[in-house]
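Beneath this line is the structure, given in structure tokens, with notes to follow.
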Amino acid sequence: MGKTELSRRYAHAHKSAYPGGICWLEVPAENVGIQILMFAQNNLGLILPEEEELPGKLHYCWQHWCEGEALLIYNDVTDYETQVKPFLPPDLAGE
């Protein structure tokens, strides 16, 4: 069993532990920030400020995310600093 399948099984088996949602992000597929925004709109019902650029919209998402633990799965990461860190909530990114 590979890492991706293991992650899928974990997420499915523990979904009740993440009331803030489980967000699956395909890192090489498309912009991770856009995927986070789409998840927030489609699954959390957030209405994003249209006047903001991507960083501002992401900041808004993190401020208005549902309460409770959330699981963000970044799939196929090869470089944490460029593919993951810029798209973490500020308190997790060390900012």
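The values are calculated or read from the model by the stated rules, or taken from the named source; none is laboratory data. This structure is a prediction, so every number in the text was calculated from the model and none was measured. Counting neighbours? That spans all protein chains shown, and the Cβs are built from the backbone with ideal geometry, glycine included.
If you go through the range 1-36 and keep only what is of a type in the set (A, V, I, L, M) and either in a loop (DSSP other than H, G, I, E, B) or surrounded by 16 or more Cβ atoms within 10 Å (Cβ to Cβ) (or both), you end up with Met1, Ala11, Ile22, Leu25, Val27, Ala29, Val32, Ile36. Pairs are defined by a Cβ separation below 6 Å, a sequence spacing of at least 6 or placement on different chains, a first member in the range 19-42 that is small (Gly, Ala, Ser), and a second member that is at pLDDT 90 or above; the pairs so defined are Gly33/Leu54; Gly33/Leu58; Ala40/Leu46; Ala40/Cys61. Residues satisfying the criterion are present in the range 37-53 (criterion: in contact with a strand residue (DSSP E or B) (Cβ under 7 Å, 6 or more places away or on another chain), modelled with pLDDT of 90 or more and crowded, with 16+ Cβ neighbours inside 10 Å).
The single condition among (1) in a strand (DSSP E or B); (2) at pLDDT below 85 that Leu92 does not satisfy is (1).
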